[in-house]
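The values are calculated or read from the model by the stated rules, or taken from the named source; none is laboratory data. Since the model is a prediction, treat every value here as computed from it, not as a measurement. Counting neighbours? That spans all protein chains shown, and the Cβs are built from the backbone with ideal geometry, glycine included. What goes into the accessible areas is simple: the full protein's heavy atoms, side chains included, and nothing from ligands, DNA or RNA. Shrake-Rupley method; radii C 1.70, N 1.55, O 1.52, S 1.80 Å.
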Amino acid sequence: MDMRSILQATAVMPVLTVQDATTAGDLALALAEGGITVFEVLLRTPAAIAGLAAMVRAAPQAHIGAGTLLHRDDVLRAVDAGAHFGVSPALTPGLAAAVHEARLPFLPGVNTPSEVLAAWDLGFDTQKLFPAQGAQGVAWLQAIGPVFPLVHFCPTGGIRAADVPTYLALSNCIAVGGSWVAPPDLVQRRDWKAITALARQASAMRPA
């Protein structure tokens, strides 16, 4: 599947920080039970790669991505762990070449019109607005839409649950990324029922 097709399966893409790989499989199952089957694991902790691999094994019905890919080595580690897609906060020609070579669906981060055009030229018609800075990204997406009508965005960064319906009402916003679906305190307490309930709320946010 390509990146746009993956994101079309969800309204909200949880952005996850894995501190304990032994709980990662349970977290994936809790999200999937709540109807969220697309989520991103940030490669920012020592447990991230092992946690991602555990999620892939535990929830084969889900599309699990690796976030904060910065270099070719990050792409290779993500692919080896079984990631279904990759996400980055920005984009370079070298990173683009690595994901194309790996045939890894990819969501590059952008924040200016020049970055949108550069990512488009490198073959990416689905991009991440980062940081969206809460609700402020709505105005940015509205302004950029007529300029790049073929590009769709997944905004992330500071977005709250209350902001999501406004984003999803935009024609060029395909999904929204956020960390509130799996708060660290609930993960630490292993309160999977509470996380499943939050996932159900998030999965119901896409407008009819």
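Which value, in Å² rounded to 10, gives the accessible area of GLU101 with a 1.4 Å probe and all protein chains present?
Answer for GLU101: close to 130 Å² accessible.
Would you work out the relative contact order for region 164-208, in percent, from Cα pairs under 8 angstrom that are 6 or more residues apart? Numbers along the way, then the final one.
On the way: 24 pairs, mean separation 19.5, N = 45.
Reported relative contact order: 43 percent.
What is region 38-117's relative contact order, in percent, from Cα pairs under 8 angstrom and six or more apart in sequence?
Numbers: 122 pairs, mean separation 20.8, N = 80.
Relative contact order, region 38-117: 26 percent.
Of VAL75, ALA169, VAL116, which is farthest towards the positive pole of the chain's charge dipole, taken about the Cα centre with +1 and -1 on the beta-carbons of Lys, Arg and Asp, Glu respectively?
Working it through, the farthest residue towards the positive pole turns out to be ALA169.
Got a sec to turn the phi values of region 75-88 into Karplus ³J(HN,Hα) couplings, 6.51 cos²θ - 1.76 cosθ + 1.60 with θ = phi - 60°, whole Hz, x for Gly and Pro?
4, 5, 5, 5, 5, 4, 7, x, 4, 8, 7, x, 9, 9
Could you work out the mean projected area of the convex hull around the alpha carbons of region 107-204, in square nanometres to one decimal?
Details: hull surface 25.9 nm².
Result: 6.5 nm².
Rounded to the nearest 5, what is the percent of antiparallel bridges among the DSSP beta bridges in the chain? Can you show the working numbers first?
Working: 0 of 19 bridges.
If I count the DSSP bridges inside the chain, around 0 percent turn out antiparallel.
For region 167-208, how big is the tail of P(r) above 11 Å, as a whole percent of Cα pairs? Before the final figure, lay out the partial values.
Details: 581 of 861 pairs.
Cα-Cα pairs of region 167-208 separated by over 11 Å account for 67 percent.
Sort 152-159, 14-21 for me by packing, meaning the mean count of neighbouring Cβ atoms within 10 Å per residue, highest on top. Could you put the intermediate results ahead of the total?
Numbers: 152-159: 24.2, 14-21: 20.0.
Result, highest mean first: 152-159, 14-21.
Taking amide H positions as placed in the peptide plane 1.01 Å from N, state which residues far from LEU129 in sequence (5 or more) or on other chains have amide H under 5 Å from it.
Long-range HN contacts for LEU129: VAL110, CYS154, THR156.
Can you give the charge dipole size of region 129-208 about its Cα centre, rounded to the nearest 20 debye, using +1 on the beta carbon of Lys and Arg and -1 on the beta carbon of Asp and Glu?
On the way: 6 positive and 3 negative charges, 52 e Å.
The dipole of region 129-208 has a size of about 240 debye.
Which order, highest average first, do 22-31, 140-149 follow once you tally other Cβ atoms within 10 Å for each residue and take the mean per peptide? The partial results should precede the final answer.
Details: 22-31: 21.5, 140-149: 14.0.
Taking the mean over residues of other Cβ atoms within 10 Å, the ranking is 22-31, 140-149.
Dipole of region 34-166, Cα-centred, from +1 at each Lys and Arg C-beta and -1 at each Asp and Glu C-beta, to the nearest 20 debye?
Working: 7 positive and 9 negative charges, 57 e Å.
The dipole magnitude comes to about 280 debye.
Would you be so kind as to identify which of MET3, ILE36, PRO146 lies farthest towards the positive end of the dipole of the chain, taking Lys and Arg as +1 and Asp and Glu as -1 on Cβ and the Cα centre as origin?
ILE36
Find the centroid of the Cα atoms in region 31-86 and in region 117-145, then give the distance between the two in whole Å.
Comparing the Cα centres of region 31-86 and region 117-145, I get a distance of 23 Å.
If the viscosity is 0.692 mPa s and the temperature 37 °C, what Stokes-Einstein diffusion coefficient in µm²/s follows for region 142-197 when Rh is the Kirkwood radius over Cα pairs? Display every interim value, and only then the final one.
Values: Rh = 13.0 Å.
In µm²/s, the coefficient rounds to 253.
Bin width 10 Å, origin at 0, all Cα-Cα pairs of region 23-94: what percent of pairs per bin?
22, 54, 21, 3
Mean separation of Cα pairs under 8 Å and 6+ residues apart, divided by the residue count of the chain: what relative contact order is that in percent? Mind dumping the intermediate values first?
On the way: 417 pairs, mean separation 47.9, N = 208.
With pairs under 8 Å counted, the relative contact order is 23 percent.
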